[in-house]
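The values are calculated or read from the model by the stated rules, or taken from the named source; none is laboratory data. In this text the structure is predicted, and so the values were computed from the model without any measurement. Every residue, glycine among them, receives a Cβ derived from its backbone with ideal geometry; neighbour counts consider all protein chains shown.
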Ligand SMILES: Nc1ncnc2c1ncn2[C@@H]1O[C@H](COP(=O)(O)OP(=O)(O)OP(=O)(O)O)[C@@H](O)[C@H]1O
Ligand code: SF4
Ligand SMILES: [Mg+2]
């Protein structure tokens, strides 16, 4: 990790869904940080809480979901307690978001130009013609051919890949410091996923924009991310530099995840399954949430919940790395 | 665009012909126009002459063709009851009905849409609950009962508004309007509310349902994630997307407002086409009934066309030049 102060810092974030049958805890003590210009990959099985973490950061949790504890700091300033109106000025301007399905994220009734200009004019002091010129510039930057003509096209006139490029332009056009990209290529044709990821990475690097990149594609993580967070049952179970987490994971869940990747010459689109299933939110076992599936489970795992511990090159939430424990094999 | 309008017009022709056939069948088979027109005392010769005059001795299709030909020229013969040209009677009564129907439609639209938006946006507020309960009353109470209740409250008890008639009207060319006199406007209030209430509640519930649907979509979440102002998200992005279904229903409702004006006009003794129709039914005045039926069909067909054109204006996906725009990758 670099010495630069983090751009985003998430401390012990807890997200709850109150319901008639009691409170579901969707995120539990989630902590991580993202340095300026850094790309943090977030992986984990479906339902691990990846999207929830992104939604909590931009404060667009689906009601009745709410942040019940912890802090979120952007450039050292707390944003988890801002009013909706103050938060609105952060969304788009300081933190951009990219959603999964470009076919549904663009408003079908407005031209892409209009969607771009209204976003820029909301956040930046631009005249109509300045905004339009910049919109054309953004479309060019994300690789839309004949941008000056296509600016007046409607979303349905673009293919899926082109629409996701438009979405990327929309997320970046007010020049946010951080982009939360939630599976930005999952809905795209396999043949264009790599192009879109490459574009995203190039723009993030050029603009020195940090990114939280949620994906199921370990190939994408390996090529794009600087650091990786592995999530399981609403918790971060391992976090560390990308090479370490992918090549030498420490947490038994990460080891299972990485082992499920076929040899490098085959790209995977989806993570293969580890035996067993992630527990439902209302049935997370006491102790380590991974204990029913863990091949290395021992007594302490059943009763005590591990926090992130120093595991050498990464940090892992596993008792195996408690220096007080005698070595287990 | 032109081809689109033309194809819609061509589609309307068979519809109108079927309705014409029905109204003509009334002429031919319901009641006996000859005996109605001749009364009790007549000679065989008088009777034959009248049958020939009316063309009733001709084959069915010749009669039907002549009926359609006349109808196109607005020629429906003489009213049996009033012995005046039907076209003249209808032209005299049409302004009253159209003014009443437009007011009712305006109330339904300009009150119903905002109420729908409000109840969609603020689902939990007590005002929303009140509106919804109120709308149940509007949907479930029959129109005549609402009319009678309004008369009871505002005419009989409070004495604020007249209970019947159109008040004073001003003749502008062949159009008699109640909009220009105080008593004319006052007379409009109760019947317009009575006629519009059902449509108002219907539109409100429809807009609410559509709003709830649209607010859940990804493009609304994405609009919020870009930090757009609530006003522009709710009343721009969301409301515009609810318009397509609302236009359909509102359009069709305007048709039914004119058609169902019969009940309201009867309750309020409003001198419009509906009242004329009811009086004609009582007197088996077939020419008036046939003409009224055709006119209502024409209204529906016209409204359908207008609705299609509005779609076309609102939703870019329906515009025909879609095929021309290139779909890049
Ligand atoms: N409205 C809700 N009420 C209760 N629980 C919810 C709600 N929405 C999501 N959850 C739960 O929160 C957990 C985290 O969901 P999240 O969408 O963050 O998963 P994810 O890691 O993004 O998975 P995926 O890879 O499928 O996108 C899931 O267990 C899900 O069932
Ligand atoms: S704490 Fe125990 S159960 Fe949990 S991952 Fe480590 S070894 Fe497995
Ligand atoms: Mg997700």
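Just wondering, is there one or more residues in the stretch A:32-42 that are over 14 Å from residue A:179 (Cα atoms) and modelled with pLDDT of 95 or more?
Within the stretch A:32-42, the subset over 14 Å from residue A:179 (Cα atoms) is A:32.
Restricting the remaining residues to those that are modelled with pLDDT of 95 or more gives A:32.
Yes, the conditions are met somewhere in the stretch A:32-42.
For residue B:196, state whether it is in contact with a helix residue (DSSP H, G or I) (Cβ under 7 Å, 6 or more places away or on another chain), on the phi > 0 side of the Ramachandran plot, touching a residue at least 12 places away in the same chain (Cβ under 8 Å) and away from chain A (no Cβ under 14 Å). Before you say what the answer is, go through the steps one by one.
Details: in contact with a helix residue (DSSP H, G or I) (Cβ under 7 Å, 6 or more places away or on another chain): yes; on the phi > 0 side of the Ramachandran plot: no; touching a residue at least 12 places away in the same chain (Cβ under 8 Å): yes; away from chain A (no Cβ under 14 Å): yes.
Spelling it out, it is not the case that residue B:196 is in contact with a helix residue (DSSP H, G or I) (Cβ under 7 Å, 6 or more places away or on another chain), on the phi > 0 side of the Ramachandran plot, touching a residue at least 12 places away in the same chain (Cβ under 8 Å) and away from chain A (no Cβ under 14 Å).
Within the stretch B:319-327, does at least one residue satisfy the condition of being within 14 Å of chain A (Cβ to nearest Cβ) and touching a residue at least 24 places away in the same chain (Cβ under 8 Å)?
At the first step, the residues of the stretch B:319-327 found to be within 14 Å of chain A (Cβ to nearest Cβ) are B:319-327.
Within this subset, residues satisfying the condition of being touching a residue at least 24 places away in the same chain (Cβ under 8 Å) are B:320.
Looking for residues that are within 14 Å of chain A (Cβ to nearest Cβ) and touching a residue at least 24 places away in the same chain (Cβ under 8 Å), one finds at least one in the stretch B:319-327, hence yes.
Residues of the stretch A:35-45 being within 16 Å of ligand 3 (Cβ to nearest atom) and assigned to a loop (DSSP other than H, G, I, E, B), which ones?
Result: A:44, A:45.
Specify which of the listed residues (A:128, A:49) is away from ligand 2 (no atom under 16 Å from the Cβ), touching a strand residue (DSSP E or B) at 6+ places or on another chain (Cβ under 6 Å) and either under 21 Å from residue A:225 (Cα atoms) or at pLDDT below 95 (or both).
On the way: A:128 fails: touching a strand residue (DSSP E or B) at 6+ places or on another chain (Cβ under 6 Å).
Residue meeting the stated conditions: A:49.
Let's see how each residue does on (1) at pLDDT below 85; (2) assigned to a helix (DSSP H, G or I); (3) under 18 Å from residue B:258 (Cα atoms):
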site	(1), (2), (3)
B:36	yes, yes, no
B:41	yes, no, no
B:45	yes, yes, no
B:76	yes, no, no
B:89	no, yes, yes
B:100	no, yes, yes
B:107	no, yes, yes
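Please work out if residue B:121 is closer than 30 Å to residue B:234 by Cβ and either more than 22 Å from the chain's Cα centre (by Cα) or outside the structural domain of residue B:266 (by TED's automatic domain parsing) (or both).
Here the answer is yes, as residue B:121 does meet what is asked.
Just checking, does the stretch A:19-34 include any residue being more than 30 Å from residue B:122 (Cα to Cα), without any contact (Cβ under 8 Å) to a residue 12 or more places away in the chain and more than 16 Å from ligand 3 (Cβ to nearest atom)? Talk me through it step by step, then tell me what you get.
To start, the set of residues in the stretch A:19-34 that are more than 30 Å from residue B:122 (Cα to Cα) comprises A:28-34.
Within this subset, residues satisfying the condition of being without any contact (Cβ under 8 Å) to a residue 12 or more places away in the chain are none.
Looking for residues that are more than 30 Å from residue B:122 (Cα to Cα), without any contact (Cβ under 8 Å) to a residue 12 or more places away in the chain and more than 16 Å from ligand 3 (Cβ to nearest atom), one finds none in the stretch A:19-34, hence no.
Within the stretch A:89-109, can you find the residues that are without any contact (Cβ under 8 Å) to a residue 40 or more places away in the chain and under 23 Å from residue A:69 (Cβ atoms)?
Taking the stretch A:89-109 first, the residues without any contact (Cβ under 8 Å) to a residue 40 or more places away in the chain are A:89-91, A:104.
Selection gives A:90, A:91.
Looking at A:246, A:237, A:228 in this structure, which one is in contact with a helix residue (DSSP H, G or I) (Cβ under 8 Å, 6 or more places away or on another chain) and at pLDDT below 95? Let's see the steps before the verdict.
Details: A:237 fails: at pLDDT below 95; A:228 fails: at pLDDT below 95.
Only one candidate qualifies: A:246.
Among the residues of the stretch B:26-43, is any in contact with a helix residue (DSSP H, G or I) (Cβ under 8 Å, 6 or more places away or on another chain) and farther than 20 Å from residue B:284 by Cβ?
No, that holds for no residue.
Which of the residues spanning the stretch A:48-92 are buried (at least 21 other Cβ atoms within 10 Å of the Cβ) and within 16 Å of ligand 3 (Cβ to nearest atom)?
A:48, A:49, A:50, A:52, A:53, A:54, A:55, A:56, A:57, A:58
Go through the stretch A:223-239 and give me each residue that's under 15 Å from the mean Cα position of the chain (by Cα) and more than 16 Å from residue A:50 (Cα to Cα).
A:224, A:226 - these are the residues of the stretch A:223-239 that are under 15 Å from the mean Cα position of the chain (by Cα) and more than 16 Å from residue A:50 (Cα to Cα).
Tell me the helices (runs of 4 or more DSSP H) entirely within the stretch A:46-141 that contain at least 1 residues that are more than 10 Å from chain B (Cβ to nearest Cβ), more than 16 Å from ligand 1 (Cβ to nearest atom) and closer than 20 Å to residue B:232 by Cα. Spell out how you get there, then give the answer.
On the way: elements: A:50-57, A:84-90, A:102-105, A:112-123, A:128-141.
Passing ranges, in order: A:84-90, A:112-123, A:128-141.
Name, by its number, the condition in (1) within 14 Å of chain A (Cβ to nearest Cβ); (2) surrounded by 22 or more Cβ atoms within 10 Å (Cβ to Cβ) that does not hold for residue B:221.
Going through the list (1) within 14 Å of chain A (Cβ to nearest Cβ); (2) surrounded by 22 or more Cβ atoms within 10 Å (Cβ to Cβ), residue B:221 breaks only (2).
Based on what the data block shows, is residue B:286 under 23 Å from residue B:16 (Cα atoms) and within 14 Å of chain A (Cβ to nearest Cβ)?
no
Kindly evaluate residue A:10 against the criterion of being more than 14 Å from ligand 3 (Cβ to nearest atom) and either within 14 Å of chain B (Cβ to nearest Cβ) or within 30 Å of residue A:275 (Cβ to Cβ) (or both).
Values: more than 14 Å from ligand 3 (Cβ to nearest atom): yes; either within 14 Å of chain B (Cβ to nearest Cβ) or within 30 Å of residue A:275 (Cβ to Cβ) (or both): no.
The answer is no for residue A:10.
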